[in-house]
Amino acid sequence: MGDVSQLNEYEYIEGKERKSLLSKSLRPFALIFSSRTATVGFAIVSFWIIVSVFAPFLTPYSPTYQDWKAPNQGPSWNHPLGTDELGRDLWARLIYGARIVLVIFPVSSGLWLPGGTALWGVAMALLVGSTLGLISGYKGGWIDEIVMRLLDAMISIPVILLYLLLVAALGASAVNVVIAIAIVGAPGIARLVRGLTLDIKTRDYIRAAETRGESSLYIMFVEILPNTKGPIIIDAMLRVGYAVFAMGTLGFLGLGLPPPSPDWGSMVAKGREFILAGAPWAALWPSVAIASLVVGLNLLADGLREELTRYQ
Amino acid sequence: MSSQKINEQVLELKNQMDKGLLSRREFLRYAALLGVSLPVALRMVGLVASPKLQAAPVRRGGTIKVSSQVHKITHPAQISWLAPSNQCRHIAEYLTFTDSNNITHPYLLKNWEVSDDLKTWTLNLRQGIKFNNGDELTADDVVFTMNQWLNKDVGSSMLGLMSGYLDPTGIEKVSKYQIRLHLKRPEIAVPEHLFHYPAMILNHRTFEGDFIKKPHGTGPFVLAEYREGERCVLKARKDYWRKGSDGSPLPYLDGIEFLDMGAEMAPHIGALKTGEIHVIEASDMGGIDLYLSFKNDPNVTVHAVATAQTRVLRMRVDRKPWDDNRVRKALKLCQNREKILALAYYKQGLLGQDFHVYPKHPEYCPKPVPKYDPEKARQLLKEAGYPNGIEVNLAVGSDWADVVRYAEILKEDAAPAGFRINIQTMPASQYWEKWTEVDLGITPWTHRPLGTMVLNLAYVADDQGKPVPWNETRWVDKEFCDLVTQANGILNVEERRKVFCKIEDIMVERGPIGISYWRNTWLPARKVVQNITAHPTGYLVLTETWIAKKS
């Protein structure tokens, strides 16, 4: 009997833990759905994530297959969004293009990493920017001066120009686009993290950690960094939007992913040649895709920020 | 005709024409090259020169606005783009003029005479022509300019074109208005070479290396403003040496404004559609969008012309893996030419055959168009030591939309053969910085009226056996060079064609290039622009153009 009651007690505790885990993992969704703005943004972003993940099942065409008898076609049953100047299916190119942005990072012709190019770019920017911001904010003094003045100098360069300089110097490839996004994004993140660090380092638990004799690295990455995650996540979400836009800009200028990659920016650039000739589709759909994804990410970030502010 | 000394070769040409071996047009072209004036040549073919018919009366005045690109210009002999030459040609002029039918006429020259062995050319200048600073044009200016072309330090493309048959020591000033060229070997295309776009005649008294600082030429316009990347403004001269159909000096226009609208065609097209500009000078960047955008526009006339402009898939034969002819042949076999022409250029051109001779060149020797054969290409790669295929980089300028499409189609179609092509796009200006250096690339080549012209420019060696400056592939083949030299001195078209048959075979068999298509080009102009024609070389000449009143 006692065994049974003991077992029930275990089950009760385990169930409670499971419930708390479930509620923990659902909490962000509850936060999103409590804001109408965030919900709309989430729906748009989810759409692109879902179509990019399931792209091979959503179209019979390869994004590079050229039907040379059917260039610049309008929407039809065979090609729901039409075809581009080489007879490639625009829907296939659009959703495979979304994969590159959100799901897959093509390091080289034979090597792909999970996580989209834009996400990798922002992740790298977060890594570099957070580290610099933490060091600068926590250490202060001449280290802070040097790091921040250097980052200020970088921020003073117009963003598009900086992208162009970096990619023109490094060459057009997915890896170099990630590097460019990281370099352009890092100063902003560093400033944000530094500001948060300056506030957090005055708290009692930081003093306590210092009194315990914890190392600076431990304090920065274990005590301070986790407490900056809220604003960083919101900022990162906005930065993914910027990164998508940057990828589009670079692709449009011929400095994005090399052809025949279904890069949205280069699709717009190539398609625009035929707008005045009466075939606007190839430029229209990728423009809509870029705009919708960027707007979706911004709405999501804005909604979350509002909700978090209210919650706090 | 009786007063003009007729070269024996002309009589031989007439004989060929009478036997049906030469068309009237080809006869006119070669007779003109040999110094026979056009009216005389026309009478020899049984035609009478008629005065130019004009649809509307000439109207003087107005400034024509041309969308273009305004590049940096220093030395006219160094010009390697069409756009700057189209601006400069209205300020400085050429000794000859090749019209849109590929017939070459004397221009600053009054006439020329050539010896029977085609090795001595006597050039007679027109008298009384003045530069826009008041200096008279004399033989000294011609000798000075020709020495600039042949100066290795200047780096002109004229060097590649002429150095094979002419040394600076072969240029003789006979009198104030006469120059004699003593060639190292026979050459028929001298007058056409004198109209090559960097061949503008400079003022030897004032030219110091920068034409924009002292823009002294004999042309109908003077330079009023030149801002690189922005605009080039020209104003009409009042004392130009040529007269218009109304008896007053040309030009009919008061001025020309070349506006730099960038390398993208959309702003150019939009500006012409709305009437902000009169003409699009598309030169190197014009593509199929010009034709597609204006073919049904009621306010615009699309002047069309078939040309020898092409996109050359070129391989550096001094670098691996392109030093192996099997690899070169394999890549050439991967060109699905019909598909490339259909998708890259919307069927607006002719199919190419991997030799740089245009089907409408007089000496063209008909050859079958090679078939797309990835299986054979794979076999060749295997034999060359690449059983698992090969990864190569292909450099292309992103400003040339049809080049990028060509590259994308090639990548797709070469994959079954084992080629893994990484397309490296870059702005066109960046491509031009290294066009002779990249291992594998697609280079735009402009139209040239004779088959030998481009062969001398890009596929032969100089006297020391080194590739000429524009030999971007570094391909030097002794037998080929000898045949080109031989062809340069053959006037008889049938004989010349026999040599070209061998030349073409060599290029197909072991040459360094692939050519998939030849491009038509277009010169779109508002309907008010009168007396303007498209030139196969992309040359824009507005000396006799006028703007009609709007109806």
Check your understanding: What share of all Cα pairs of the protein assembly as shown, in percent, falls into each consecutive 20 Å distance bin?
Key -> 13, 38, 29, 14, 5, 1, 0
Point to revise | Longest segment of chain A lacking chymotrypsin sites (Phe, Trp or Tyr not before Pro) that sit in a DSSP loop with at most 13 other Cβ atoms within 10 Å | key: A:78-312
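Ordering B:Met507, B:Met17 by how much accessible area each has at a 1.4 Å probe, largest first, what is the list?
Values: B:Met507 0, B:Met17 30 Å².
Putting B:Met507, B:Met17 in descending order of accessible area: B:Met17, B:Met507.
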Review point. If you wrap chain B's Cα atoms in a convex hull and average its projection over all directions, what's the area in nm²?
Key: 24.0 nm²
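Estimate for me the total accessible surface buried between chains B and A (protein heavy atoms, probe 1.4 Å, no ligands or nucleic acids), in Å² to the nearest 100. Walk me through the numbers before you get to the answer.
Working: alone 21420 and 16820 Å², together 36090 Å².
That pair of chains buries around 2100 Å² in total.
Heavy-atom accessible area per residue, the range A:181-245, 1.4 Å probe: how many Å²?
Each residue of the range A:181-245 exposes 48 Å² on average to a 1.4 Å probe.
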Exercise for review: Extending each Cα 7 Å along its Cβ direction at B:Asp135 and A:Thr202, get the distance between those two points in nm, one decimal.
Suggested key: 7.7 nm
Study note, to complete from the structure: Test assert for the range A:235-275: residues whose accessible surface shrinks by at least 30 Å² between chain alone and all chains, 1.4 Å probe, equal A:Gly254, A:Pro259, A:Pro260, A:Arg272, A:Glu273, A:Phe274
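Sorted by accessible area (1.4 Å probe), largest first, how do A:Leu192, B:Leu450 line up?
Working: A:Leu192 55, B:Leu450 0 Å².
The most accessible residue leads, giving A:Leu192, B:Leu450.
Apply 1/(1 + (r/R0)^6) to the Cβ-Cβ distance of A:Ile160 and B:Lys72, taking R0 = 22 Å, and write down the FRET efficiency to the nearest 0.05.
Details: r = 24 Å, r/R0 = 1.10.
E(calc), rounded to 0.05, equals 0.35.
Only sites in a loop by DSSP and with at most 16 other Cβ atoms within 10 Å count here; which GluC sites (Glu not before Pro) in the range B:354-447 make the cut? Mind dumping the intermediate values first?
On the way: sites: B:Glu363, B:Glu375, B:Glu383, B:Glu391, B:Glu408, B:Glu412, B:Glu433, B:Glu437; in loops: B:Glu363, B:Glu437.
Here the GluC sites (Glu not before Pro) that fit, given the DSSP loop and packing criteria, are B:Glu437.
Evaluate the charge dipole of chain A about its Cα centre and quote only its size in Debye, nearest 20, assuming +1 on the Cβ of each Lys and Arg and -1 on the Cβ of each Asp and Glu. Write down the numbers at each step before the final one.
On the way: 24 positive and 23 negative charges, 61 e Å.
Roughly 300 debye, rounded to the nearest 20.
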Review point. With θ set to phi - 60° and the Karplus curve 6.51 cos²θ - 1.76 cosθ + 1.60, what are the ³J(HN,Hα) couplings of the range B:239-256 in order, to the nearest whole Hz, using x for Gly and Pro?
Key: 10, 5, 6, 9, 9, x, 5, 8, x, 8, x, 6, x, 7, 7, 7, x, 10
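Of the listed pairs B:Lys214/B:Lys238; B:Lys320/B:Lys502; B:Lys360/B:Lys478; B:Lys152/B:Lys360; B:Lys339/B:Lys434, which have alpha-carbon separations greater than 21 Å here? The partial results should precede the final answer.
Details: B:Lys214/B:Lys238 19 Å; B:Lys320/B:Lys502 27 Å; B:Lys360/B:Lys478 26 Å; B:Lys152/B:Lys360 33 Å; B:Lys339/B:Lys434 29 Å.
With Cα atoms farther than 21 Å apart: B:Lys320/B:Lys502; B:Lys360/B:Lys478; B:Lys152/B:Lys360; B:Lys339/B:Lys434.
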Revision key, fill the gap. GNM on chain A, Cα springs under 10 Å; top mean-square fluctuation among A:Ser108, A:Ser23, A:Ser46 goes to A:Ser23
Revision key, fill the gap. Counting only protein heavy atoms and leaving out ligands, DNA and RNA, the solvent-accessible surface of A:Leu225 at a 1.4 Å probe, in Å² to the nearest 10, equals 50 Å²
Point to revise | Reduction of at least 30 Å² in accessible surface, 1.4 Å probe, comparing all protein chains with the chain by itself, residues of the range A:85-107 | key: A:Glu85, A:Leu86
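Using a Förster distance of 30 angstrom, determine the FRET efficiency expected from the C-beta separation of A:Leu113 and A:Val222, and round it to 0.05.
Working: r = 27 Å, r/R0 = 0.91.
Calculated value: 0.65.
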Exercise for review: Among the aspartates and glutamates, select those whose C-alpha is under 12 Å from the C-alpha of A:Lys201, and discard any that sit fewer than 8 residues away in the same chain.
Suggested key: A:Glu210, A:Glu223
Check your understanding: Considering only chain B, what is the antiparallel percent among its DSSP beta bridges, to the nearest 5?
Key -> 75 percent
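So what's Rg/Rh here for the range A:131-179, counting alpha carbon atoms and using the Kirkwood radius for Rh? If you can, show how the numbers build up before the last one.
Numbers: Rg = 13.9 Å, Rh = 12.4 Å.
With Rh from the inverse mean 1/r over Cα pairs, Rg/Rh is 1.13.
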Point to revise | Cα-centre dipole for the range B:406-551 with unit charges at Cβ (Lys and Arg positive, Asp and Glu negative), debye to 20 | key: 820 debye
Check your understanding: Most fluctuating residue of A:Leu293, A:Leu26, A:Leu255 in a GNM of chain A with Cα springs under 10 Å: which is it?
Key -> A:Leu26
Exercise for review: Residues in the range B:340-380, backbone N under 17 Å from the label point at B:Arg420 (7 Å along the Cα-to-beta-carbon vector): list them, ranges by number please.
Suggested key: B:378
Study note, to complete from the structure: For B:Lys110 the rounded accessible area (nearest 10 Å², probe 1.4 Å, non-protein molecules ignored) is 130 Å²
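Of the heavy-atom accessible surface of the protein assembly as shown (probe 1.4 angstrom), what whole percent is carbon and sulfur? Intermediate values should be presented prior to the final figure.
Values: 20380 of 36090 Å².
Carbon with sulfur: 56 percent of the solvent-accessible area.
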Study note, to complete from the structure: Counting only Cβ distances under 4.7 Å between cysteines, those in the protein assembly as shown with no partner are B:Cys88, B:Cys232, B:Cys334, B:Cys481
Practice item. Please check which bits of the range A:44-82 a label hung off A:Leu308 would reach, taking the label as a point 7 Å along Cα-to-C-beta and the cut-off as backbone N under 19 Å. Key: A:45-46
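For chain B, what is the relative contact order in percent, using Cα pairs closer than 8 Å and at least 6 residues apart in sequence? Write down the numbers at each step before the final one.
Details: 1179 pairs, mean separation 105.0, N = 551.
Reported as a whole number, the value is 19 percent.
In deg cm²/dmol and to the nearest 500, what is the mean residue ellipticity at 222 nm of chain A if only DSSP H runs of at least 4 residues count, each as -39500 (n - 2.57), divided by the residue total? Display every interim value, and only then the final one.
Values: 12 runs with 216 residues, N = 312.
The per-residue figure over chain A is -23500 deg cm²/dmol.
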Revision key, fill the gap. When the charge dipole of the range A:231-312 is computed with +1 at the Cβ of Lys and Arg and -1 at the Cβ of Asp and Glu, the Cα pointing farthest to the positive end, of A:Met237, A:Leu293, A:Leu308, is that of A:Leu293
Review point. About the Cα centre of chain B, what is the dipole size in debye to 20, counting +1 per Lys and Arg Cβ and -1 per Asp and Glu Cβ, all else neutral?
Key: 1120 debye
Point to revise | the range B:115-132 residues near the modelled B:Arg242 label - backbone nitrogen below 17 Å, point 7 Å along Cα→Cβ | key: B:125-132
**Study point:** Inter-label distance, nm, simple model (7 Å from Cα along the C-beta direction), B:Ser100/A:Val175
**Key:** 5.1 nm
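The values are calculated or read from the model by the stated rules, or taken from the named source; none is laboratory data. Quick caveat, the model's predicted, so the values are computed rather than measured. When we count neighbours, we look across all protein chains shown, and the Cβ atoms used for this are built from the backbone with ideal geometry, even at glycine. Heavy atoms of the whole protein, side chains included, go into the accessibility calculation; ligands, DNA and RNA do not. Shrake-Rupley method; radii C 1.70, N 1.55, O 1.52, S 1.80 Å.
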